[in-house]
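*Asks:* One structure coming up, written as structure tokens, with questions to follow.
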Amino acid sequence: MLPATQVIEFDEAGIHIRGWENKTESVFSPSTPGIYSAPEYPEVISERSSQMRIVLLRHGEPDVPSPGKLKASEIPRWIELYNATGLKIGHRPSREAIEIANDCNAIVCSDLPRSVESARALGVKKVNHIESVFREMALPYARFPSPRLSPYMWLVLFRALWFLGYSANGESLHEARLRASNGANRLTAIAEHSGSVLLVGHGITNRFIATELLSSGWKGPGDPGKRYWEYGVYQYAI
């Protein structure tokens, strides 16, 4: 039985959070503790269904602050602002994304605003699980004397260094892969109960989870999509 703790419902009046019974917490990596969930979907897969399905969808475009050029020492504050940001006003998902989201029995988000607000933009009525294990992979940074560059340039630089093994002030590549494995296992467990599950996730984390799913026998694309609202569908015969 999956743990029951928190469910978010959307309506015209706003966002409602309810259901804190039997709260469970679990540490998935040093930088991303916590799990919040509530199974608000059928507990048994329909006998007519011959396969489970997981959809990995990237969130919509966030309303990222534009502070101008920054020194390396200013990047931590920019990351905080980015992670607190919701969706850009007027940014809407594609018709295909809306359709596939509303065809899933369970909805999963990270605990970042851009993920939860994307679920609402997709028109889903409930988010069954909000879990920090699905956050974007933490960006490393350094506080050395530096020229001023745009946040985008720092992002590209530090992410490239991260793939080469640099992880100061973030999570290592090994920790990221472990978190992706935990996330893939979590989605599989939810799919075993619901039959189909949508993760409104983040670009790099989604790709890492896709790799884990494929290595476990799921069928689907190697890359679930880099652009906002892009998604990949993964299926497993049962």
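FYI, it's all coordinate maths here, none of it is from the lab. Model, not experiment: these values are computed from the prediction. A quick note on method: Cβ atoms are made from the backbone with ideal geometry, for glycine too, and the neighbour counts reach across all protein chains shown.
*Asks:* Starting with the highest mean, order 221-233, 108-120 by the number of other Cβ atoms within 10 Å, averaged over the residues of each peptide.
*Replies:* Values: 221-233: 16.8, 108-120: 23.8.
Taking the mean over residues of other Cβ atoms within 10 Å, the ranking is 108-120, 221-233.
*Asks:* So between residue 51 and residue 216, what do we pick up on full extension, going 0.36 nm a residue minus the alpha carbon distance?
*Replies:* Details: separation 165, 0.36 × 165 = 59.40 nm, distance 1.45 nm.
Gain on extension, residue 51 to residue 216, equals 58.0 nm.
*Asks:* Further question on the same structure: May I ask you to list the lysines whose Cα is less than 24 Å away from that of residue 88, ignoring any residue fewer than eight positions away on the same chain?
*Replies:* Cross-link targets: 69, 125, 126, 226.
*Asks:* Okay, next question. Please arrange 198, 161 by counting, for each residue, the other beta carbons lying within 10 Å of its beta carbon, fewest first.
*Replies:* Working: 198 30, 161 16.
The most exposed by this proxy come first: 161, 198.
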